[in-house]
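Chemist: Input: one structure, supplied below.
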Amino acid sequence: MDAFYCSVEELDNPSLKGRPVVVGGTPEGRGVVATANYAAREFGVHSAMPAARAIRLCPRAEFLRPRPKRYSEVSREVFSIFGKYTPLVEPLSIDEAFLDVTGSRLPGVPANVDEEGYGAGVAIARALRERVEKETGGLTCSIGIASNKYLAKIASDLRKPRGMVIVPLGAEEEFLGPLPIEKIWGVGPKMAGRLRAIGLDLVGDMQRLGVEPLQRALGDETGEHFWRLCRGVDHRPVVTEQEVKSISQEKTYGQFLAPSDRETIERELFRMSDKVAARLRARELWGRTVQLKARDEKFHTVTRSASLDSPTCLVEEIYRAVLGMFDERVDFGNLRIRLLGVGVSGLTGEPRRQLDFFDSGRLEQAESMAAISDAVRRKIGDKAILRAKMLEGEKRKKPPGFA
C-alpha cells in the first residue's frame, strides 16, 4: 500500500488531501516520524526523521498520532480483497503482502495472455489494484510482479505511488543489474560501505565479480548469500497465515555465553522477543503462549512455556514472560549457554483483551510506539530503531525508565 498510515488518515479526513501529512512525532518537535505522505516527502520529510527536523523542513505539515487499531481495521479490509484472488497470501507487514497467483485465473482471461510469461498474473494485478482503490474508497497500492518474493518486493518499491513493475521471466539478472547495491536485501549502510570499498556500486558489479571473490571479501556464507541475491535467486514459497502455528527466533552462539554474563543474556532475549513481536504484528496476529528454549555447552536442551492472561504482540509482555522463565525455570549451573530461543504460539487474529481504564491507556501508548517502530523499520531497516536494551553496555545510555 502507498503511504498507508497517511492514506488512511486522508481517507477518514478528506481535508488532509493535498496537504503534507506526517504520522508520528508532535508539532512541538518531539518524537520521530513513522511515515509521511508524498506531499510531505517533497519537502524531504521521511521515516525515522526526528520530528524537530521534519518541522524545519515542512513547517505547514499536519502531525498526527498513530491510530494502530484503525490501521489494522483497514488492513483487514484490504487483505480480504487479496483473498478473493488467491488463497496464497503471506502478510509481510500490516500494509504489504506476497500473493502467489500461479494457479489463479480471471473470468474471460486466457491463461497465457502476458508476454512476460506470467499467465494471467498481470491482468490479476491490474484488477486487484483497481478493486482495492474502489472498495476502500481511494487507497492505492503499488505492485511488483516477479518469479519470486525477493524480486517482487524490490519491484513493488520502484515506482510509487500506484505503480506496477514487471520482472520478465528469464530477465531477473538484467532487471537487477542497474540497481544500486542497497537494493539487495540485507545491505544496510555498513555493508554498503564494505561493498563499495571493493568496487561494488551496482548490483551488476556484484554479478560480474563472481562468487569466489565475494566469499573472500565477506566470508563463505555471506558471500554465497549475496551471490544468490544479486542474481535474483529466491526459492522461498508463499506461506499463508493459516500455515503459521507459531512464530519463533533463536540463535546458536559460536562463542558460548557465560551464565554470569547477565547483560548479554538479557540483551539477546530482548532482541529475540522484539523480532518475534514485530513478526506477529506484521501478520496481524497475537499469541497467548510464550516459549523459551535454551541449550548448554554439553547440548542439554530445555524448553519452557508460560500462558499469558491475554494474547499479545508487544515485546514488553513477551520479554517479561521469557525473562521470568529463564530466571525461575532454567538452571545450567556453571555450564555456558550455546543456544537461546524465544517463541510465541496459541496464535489468534483477535487480541480479546479485557482492561481497566488505566491499563488501556498504557496499552494504547505501547501499541502506538510499536506502530511507529514498525513503520520506520520497514522503510529504513531493522536497525533504524533500537531499544536501549538491545545495545551493548558500553554503547548504552541508561534511560530513566524501562529499557
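The values are calculated or read from the model by the stated rules, or taken from the named source; none is laboratory data. Every value quoted in this text rests on a predicted model; they were computed, and no experiment measured them. Backbone-built Cβ (ideal geometry, glycine too); neighbour counts: all protein chains shown.
Chemist: What number of residues within segment 67-89 are crowded, with 19+ Cβ neighbours inside 10 Å and either at pLDDT below 90 or closer than 15 Å to TRP286 by Cα (or both)?
Modeler: Here the count works out to 1.
Chemist: Considering only residues of segment 320-351 that are among the charged types (D, E, K, R) and over 20 Å from ASP296 (Cβ atoms), which is nearest to the chain's Cα centre (by Cα)?
Modeler: Going through segment 320-351, the residues among the charged types (D, E, K, R) turn out to be 320, 327-329, 331, 336, 338, 350.
Applying the additional criterion that residues be over 20 Å from ASP296 (Cβ atoms) yields 320, 350.
On the way: ARG320: 23, GLU350: 20 Å.
So the residue we want is GLU350.
One line per residue, one yes/no per condition, for (1) of a type outside the set (Gly, Ala, Ser); (2) at pLDDT 90 or above; (3) part of a helix (DSSP H, G or I):
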{"position": "SER260", "(1), (2), (3)": "no, yes, no"}
{"position": "GLU266", "(1), (2), (3)": "yes, yes, yes"}
{"position": "PHE270", "(1), (2), (3)": "yes, yes, yes"}
{"position": "ALA278", "(1), (2), (3)": "no, no, yes"}
{"position": "PHE326", "(1), (2), (3)": "yes, yes, yes"}
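Chemist: Being within 25 Å of ALA97 (Cβ to Cβ), surrounded by 14 or more Cβ atoms within 10 Å (Cβ to Cβ), modelled with pLDDT under 95 and not β-branched (Val, Ile, Thr): is that true of SER47 here? Even if it seems obvious, please write down each step before you answer.
Modeler: Numbers: within 25 Å of ALA97 (Cβ to Cβ): yes; surrounded by 14 or more Cβ atoms within 10 Å (Cβ to Cβ): yes; modelled with pLDDT under 95: yes; not β-branched (Val, Ile, Thr): yes.
Yes; evaluated as a whole, the condition is true for this residue.
Chemist: Let me ask something else. Looking at (1) farther than 24 Å from ALA39 by Cα; (2) surrounded by 14 or more Cβ atoms within 10 Å (Cβ to Cβ); (3) at pLDDT 95 or above, which is the one condition that is false for GLU174?
Modeler: With respect to (1) farther than 24 Å from ALA39 by Cα; (2) surrounded by 14 or more Cβ atoms within 10 Å (Cβ to Cβ); (3) at pLDDT 95 or above, GLU174 is out only on (2).
Chemist: With ARG19, ARG53, ARG67 as the choices, which residue is over 25 Å from ARG129 (Cα atoms) and among the basic types (Lys, Arg)? Steps first, please.
Modeler: Numbers: ARG19 fails: over 25 Å from ARG129 (Cα atoms); ARG67 fails: over 25 Å from ARG129 (Cα atoms).
Sole residue among the options that is over 25 Å from ARG129 (Cα atoms) and among the basic types (Lys, Arg): ARG53.
Chemist: So, one more: Residue by residue through segment 204-225, note down the ones that are among the β-branched types (Val, Ile, Thr) and touching a Phe, Trp or Tyr at 6+ places or on another chain (Cβ under 9 Å). Steps first, please.
Modeler: Restricting attention to segment 204-225, the residues satisfying the condition of being among the β-branched types (Val, Ile, Thr) are 211, 222.
Selection gives VAL211 alone.
Chemist: Looking only at segment 122-146, filter to residues that are among the small types (Gly, Ala, Ser) and surrounded by 20 or more Cβ atoms within 10 Å (Cβ to Cβ); which one of those is nearest to GLU172 (Cα to Cα)? Spell out how you get there, then give the answer.
Modeler: Keep residues of segment 122-146 that are among the small types (Gly, Ala, Ser), which gives 123, 125, 127, 137-138, 142, 144, 146.
After this cut, where a residue has to be surrounded by 20 or more Cβ atoms within 10 Å (Cβ to Cβ) as well, the list is 125, 144, 146.
Working: ALA125: 19, GLY144: 13, ALA146: 8 Å.
Residue satisfying both the conditions and the ranking: ALA146.
Chemist: Among the numbered conditions (1) within 26 Å of ILE143 (Cα to Cα); (2) more than 25 Å from the chain's Cα centre (by Cα), tell me where ARG216 comes up short.
Modeler: (1)
Chemist: Yes or no: segment 2-13 includes at least one residue that is without any contact (Cβ under 8 Å) to a residue 12 or more places away in the chain, assigned to a helix (DSSP H, G or I), of a type in the set (S, T, N, Q) and farther than 22 Å from ASP157 by Cα. Step through it out loud before you land on a result.
Modeler: Of all residues in segment 2-13, those without any contact (Cβ under 8 Å) to a residue 12 or more places away in the chain come to 13.
Narrowing further to those that are assigned to a helix (DSSP H, G or I): none.
No - not one qualifying residue is present in segment 2-13.
Chemist: Can you tell me which residue is nearest to GLY24 (Cα to Cα) among those in segment 38-61 that are in a loop (DSSP other than H, G, I, E, B) and either touching a Gly at 6+ places or on another chain (Cβ under 7 Å) or free of Cβ contacts under 8 Å to residues at least 40 places away in the same chain (or both)?
Modeler: Within segment 38-61, the first condition is being in a loop (DSSP other than H, G, I, E, B), and the residues that meet it are 42-49, 58-61.
Keeping just the survivors that are either touching a Gly at 6+ places or on another chain (Cβ under 7 Å) or free of Cβ contacts under 8 Å to residues at least 40 places away in the same chain (or both) gives 42-45, 49, 58-59.
Numbers: GLU42: 18, PHE43: 17, GLY44: 16, VAL45: 12, MET49: 10, CYS58: 14, PRO59: 15 Å.
Only one residue tops the list, namely MET49.
Chemist: Go through (1) acidic (Asp, Glu); (2) at pLDDT below 95; (3) more than 26 Å from TRP286 (Cα to Cα) one by one and return the number of the condition GLU42 breaks.
Modeler: Of everything listed in (1) acidic (Asp, Glu); (2) at pLDDT below 95; (3) more than 26 Å from TRP286 (Cα to Cα), GLU42 misses just condition (2).
Chemist: Restricting to segment 1-44, give me the number of residues that are surrounded by 16 or more Cβ atoms within 10 Å (Cβ to Cβ), closer than 20 Å to ARG162 by Cα and out of contact with any His (no Cβ under 8 Å at 6 or more places or on another chain). Give the steps one after another, and end with the answer.
Modeler: We begin by selecting, within segment 1-44, every residue surrounded by 16 or more Cβ atoms within 10 Å (Cβ to Cβ); these are 1-11, 16, 20-25, 31-37, 39-41, 43.
Narrowing further to those that are closer than 20 Å to ARG162 by Cα: 1-11, 16, 20-22, 35-37, 39-41.
Add one more test, that the residue is out of contact with any His (no Cβ under 8 Å at 6 or more places or on another chain), and what stays is 1-11, 16, 20-22, 35, 37, 39-41.
Count: 20.
Chemist: Follow-up question, since we're still on this one. Criterion first (loosely packed, with under 13 Cβ neighbours inside 10 Å and in contact with a helix residue (DSSP H, G or I) (Cβ under 7 Å, 6 or more places away or on another chain)) does GLU284 satisfy it?
Modeler: Numbers: loosely packed, with under 13 Cβ neighbours inside 10 Å: no; in contact with a helix residue (DSSP H, G or I) (Cβ under 7 Å, 6 or more places away or on another chain): yes.
When the stated conditions are applied, GLU284 does not pass them.
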